[in-house]
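Trainee: The structure's right below; bear with me while I get my questions together.
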Amino acid sequence: MRFLLTLLRPFMIVGALAVSACATHTPTAPDIKLYVFHCGNIEVRDVSVFSPGVNQGQVKSLTDSCYLIRHPKGDLIWDTGLPDQLGSKGQEFYDGLFYMSMPTPLQAQLESIGVKPQDIEWLGISHAHSDHTGNANLFSNATLLMQKEEFDAAFGGNPQQYGFVPDSYSHFNATNTQRLQGDHDVFGDGRVVVKRAIGHTPGHQMLYLDLPESGRIVLSGDLYHFTSNREHRRVPSFNFSKEQTLESMERMEQFLESTGAQLWIQHDKEQNAGIRHAPEYYQ
Ligand SMILES: [Zn+2]
């Protein structure tokens with residue numbers, strides 16, 4: 001081993017010089033930080049609701065995730081998890097199909113890294129289901145970024161028909177929501193981009209990140225809930241449109257392949273176990 005290192009040393013030094021010379025001549029990449037938060041636990045008593053006809057009656061544990069992107073031009077929170085009020089005791093939903101809890105409040109998690117929810121400028125939610133809007137009202141000083149179709153469903157006459165809980169985002173309306181009709185580059189430098197991926201709900205969207213050190217990452221929203229559904233492209237029975245979902249899956253898979261980005265599946269408990277959570281961060 002020492003022999004190999006000795007042989008390689010001149011190349012390593014040249015390599016280091018090349019990197020530092022390069023660094024002085026290229027524009028400095030913006031200082032972006034990505035924090036990941038635990039935003040609740042979801043026990044699914046029959047996982048086949050996510051994969052019709054497959055694994056009927058099987059129980060599966062999912063996690064719920066929220067993210068904070070700190071960019072020199074502002075802060076963006078991406079999804080807000082289950083409501084802090086659920087606490088660690090939690091409760092059942094949908095006749096016991098789901099058991100959900102929120103052991104550590106998002107507000108406390110943010111404050112532990114010195115961030116006040118009211119200071120955050122942008123709120124991006126992948127879609128308006130209540131496991132993503134649970135704490136949206138904490139961020140009422142922010143501008144909400146939402147596809148137009150999602151806005152029309154969430155703030156129209158019958159949001160409940162889409163499985164939305166309007167009380168959870170009642171501090172938002174047409175005046176503090178930016179209605180999107182496609183992809184949206186949040187800070188104008190291509191580093192943080194909302195990606196339209198409709199089908200799970202009328203205006204479902206995802207988030208693409210290009211971090212200076214950690215590289216390209218896409219946050220899934222609920223395009224997939226766990227890895228095996230991605231592998232088999234299974235569409236949950238409760239999705240708004242199966243056809244739109246499959247089209248979004250195809251488009252996103254092509255995007256992931258062309259960019260080389262990793263896909264972080266927000267509800268995938270096993271994948272999340274390998275992702276660093278706050279107070280650690282990615283740059
Ligand atoms: Zn969800």
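Trainee: Just to be sure, is L246 at pLDDT 95 or above and within 15 Å of the chain's Cα centre (by Cα)?
Mentor: Answer is no for this residue.
Trainee: Restricting the search to region 141-158, which residues are of a type outside the set (K, R) and either crowded, with 16+ Cβ neighbours inside 10 Å or in contact with a strand residue (DSSP E or B) (Cβ under 6 Å, 6 or more places away or on another chain) (or both)? Don't jump to the end; show me each part of the working.
Mentor: Just the residues of region 141-158 that are of a type outside the set (K, R), to begin with: 141-147, 149-158.
Within region 141-158, A142, T143, L144, L145, M146, Q147, E149, E150, F151, A153, A154, F155 meet the criteria.
Trainee: Which of (1) over 21 Å from H267 (Cβ atoms); (2) in a helix (DSSP H, G or I); (3) among the polar types (S, T, N, Q) is the odd one out, the single condition Q109 does not satisfy?
Mentor: Evaluating Q109 over (1) over 21 Å from H267 (Cβ atoms); (2) in a helix (DSSP H, G or I); (3) among the polar types (S, T, N, Q) leaves (1) as the failure.
Trainee: Answer with yes or no whether Q118 is assigned to a helix (DSSP H, G or I), away from the ligand (no atom under 14 Å from the Cβ) and in contact with a Phe, Trp or Tyr (Cβ under 7 Å, 6 or more places away or on another chain). Let's see the steps before the verdict.
Mentor: Working: assigned to a helix (DSSP H, G or I): yes; away from the ligand (no atom under 14 Å from the Cβ): yes; in contact with a Phe, Trp or Tyr (Cβ under 7 Å, 6 or more places away or on another chain): no.
No: the conditions fail for Q118.
Trainee: Let me ask something else. Which condition breaks for Y281 when tested against (1) surrounded by 14 or more Cβ atoms within 10 Å (Cβ to Cβ); (2) within 19 Å of G182 (Cβ to Cβ)?
Mentor: All conditions pass for Y281, except number (2).
Trainee: Right, here's the next one. Which residues, taken from region 123-150, are in contact with a helix residue (DSSP H, G or I) (Cβ under 9 Å, 6 or more places away or on another chain), more than 15 Å from the ligand (Cβ to nearest atom) and part of a helix (DSSP H, G or I)?
Mentor: N137, L138, F139 - these are the residues of region 123-150 that are in contact with a helix residue (DSSP H, G or I) (Cβ under 9 Å, 6 or more places away or on another chain), more than 15 Å from the ligand (Cβ to nearest atom) and part of a helix (DSSP H, G or I).
Trainee: Looking only at region 77-93, decide whether some residue is out of contact with any His (no Cβ under 7 Å at 6 or more places or on another chain), more than 15 Å from the ligand (Cβ to nearest atom) and closer than 21 Å to L219 by Cα.
Mentor: Yes: one or more hits.
Trainee: Condition (residue is free of Cβ contacts under 8 Å to residues at least 24 places away in the same chain and away from the ligand (no atom under 16 Å from the Cβ)) applied to region 234-244: is it met by at least one residue? Show your work before the answer.
Mentor: So in region 234-244, the residues free of Cβ contacts under 8 Å to residues at least 24 places away in the same chain come out as none.
Checked against the condition, which is being free of Cβ contacts under 8 Å to residues at least 24 places away in the same chain and away from the ligand (no atom under 16 Å from the Cβ), region 234-244 yields no hits at all.
The values are calculated or read from the model by the stated rules, or taken from the named source; none is laboratory data. Worth saying up front: this structure is predicted, and the values here are computed from it rather than measured. For neighbour counting, all protein chains shown are included, and Cβ atoms are generated from backbone atoms with ideal geometry for every residue, glycine included.
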